[in-house]
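A.B. asks: Okay, here's the structure, questions in a sec.
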């Protein structure tokens, strides 16, 4: 196995020396100032704790493993493709962010059923002007670092992209058009006379819903399971992540990091390119 080490800063020689000593790596290749490949590295329990302390991200990769081997990348939206939780920012327009954020955090940790948490949060938004959604998109929504670099590389390889979110269609459809994503699914807020009613229309896209959309899209593309990468940050992403052969916890909750194939705790989404040598 090769061990990929990457960071948001120039990696120091002493950091590489420590990891090489732990893993017995035969040779070190520099990918960039912020990333290295350690060839023929052996797993060692000390790597995870050392990398966490040093703010390094790591991943063991088969020498033959390449980004071009994959046909579909599935992404969560809030706090994964973008830096914010849209519903929290909508609530902030209504001076309800603390109440809504507390429910969001509990749901992401897996302490509250996602569908129930969404209903409770959306109910708090009853009466909010629809224009608040556009304000959040225009004024607060930002892509996660490296998002556009990653997406450009995926397009270069002909890899399809699916954005599946427990958030709202208002945002996913705009991102789909803006970024040239292939598929997008999310929840629809009920809006009457220009105001949110506090209800969600139709079946809620929850953890199982995300997994179902992954499987449906994979089958539609005739893409084998081994060709799917899934990325997310919260407990409601775990079911879809288990349907992919490669799962990536992006700046995620501990429950997600512990179950994912890889964790990007510090680097941006373009860490996917570095990891697989895109």
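What follows draws every value from the coordinates through simple rules; no lab data is involved. Predicted model, so just to flag it, every value in this text is computed and none were measured. Cβ atoms come from the backbone with ideal geometry, glycine included; neighbour counts cover every protein chain shown.
A.B. asks: Which order do 44, 95 fall in if you start with the one that has the fewest other Cβ atoms within 10 Å?
C.D. replies: Ascending number of Cβ neighbours within 10 Å: 95, 44.
A.B. asks: Moving on to the next point. Mind running the shape call on the stretch 166-220? Use the C-alpha gyration tensor, a ≥ b ≥ c as the square roots of the eigenvalues: rounded below 1.5 for a/c, prolate if a/b tops b/c, oblate otherwise.
C.D. replies: Because a/c hits 1.5 or more and a/b fails to exceed b/c, the stretch 166-220 counts as oblate.
A.B. asks: On a 0 to 90 degree scale, rounded to 10, what angle separates helix 169-179 from the longest Cα axis of the chain?
C.D. replies: For helix 169-179, the angle is close to 40 degrees.
A.B. asks: For the chain, set up a Gaussian network in which alpha carbons nearer than 10 Å are linked by springs, and say which option among 140, 120, 27 fluctuates the most.
C.D. replies: 27
A.B. asks: Hey, quick one: spin label on residue 39, modelled 7 Å out along Cα-Cβ, who in the stretch 46-69 has an amide N within reach, i.e. under 18 Å?
C.D. replies: Counting only backbone N, you get 60-66.
A.B. asks: Also, quick follow-up: What is the chain by shape, rounded, prolate or oblate, if you read a ≥ b ≥ c off the alpha carbon gyration tensor as root eigenvalues and call it rounded for a/c under 1.5, prolate for a/b larger than b/c, and oblate otherwise?
C.D. replies: The shape class here is prolate.
A.B. asks: Between residue 216 and residue 261, what is the FRET efficiency for a Förster distance of 35 Å, r being their Cβ-Cβ separation, to the nearest 0.05? Please list the in-between numbers first.
C.D. replies: On the way: r = 22 Å, r/R0 = 0.63.
Calculated transfer efficiency: 0.95.
A.B. asks: Still on this structure, I have one more. Can you give me the relative contact order of the chain as a percent, contacts being Cα pairs under 8 Å and 6 or more apart?
C.D. replies: Relative contact order comes out at 22 percent.
A.B. asks: A further question follows. Please report the antiparallel percentage of DSSP beta bridges with both residues in the chain, rounded to the nearest 5.
C.D. replies: Looking only at bridges with both residues in the chain, the antiparallel portion is about 50 percent.
A.B. asks: Which part of the stretch 56-96 falls in the paramagnetic zone of residue 156, meaning amide N under 13 Å from the point 7 Å along Cα-to-beta-carbon?
C.D. replies: Residues 67-68 qualify, since their backbone N sits under 13 Å from the label point.
A.B. asks: Between the helical axis of 207-220 and the dominant principal axis of the chain, each derived from Cα atoms, what acute angle in degrees is found, rounded to the nearest 10?
C.D. replies: Approximately 70 degrees, to the nearest ten.
A.B. asks: What distance in nm lies between label points placed 7 Å from Cα along the C-beta direction at residue 1 and residue 188?
C.D. replies: 4.5 nm
A.B. asks: Test of understanding: what is the full-extension gain from residue 208 to residue 148, defined as 0.36 nm times their sequence separation minus their Cα-Cα distance?
C.D. replies: Gain on stretching residue 208 to residue 148: 18.8 nm.
A.B. asks: Could you work out the helix-only [θ] at 222 nm for the chain, with each DSSP H run of four or more residues adding -39,500 (n - 2.57) and the total divided by the number of residues, to the nearest 500 deg cm²/dmol?
C.D. replies: It lands at -11000 deg cm²/dmol.
A.B. asks: Quick check: the angle from helix 147-156's long axis to the longest principal axis of the chain, C-alpha only, nearest 10 degrees?
C.D. replies: That works out to roughly 70 degrees.
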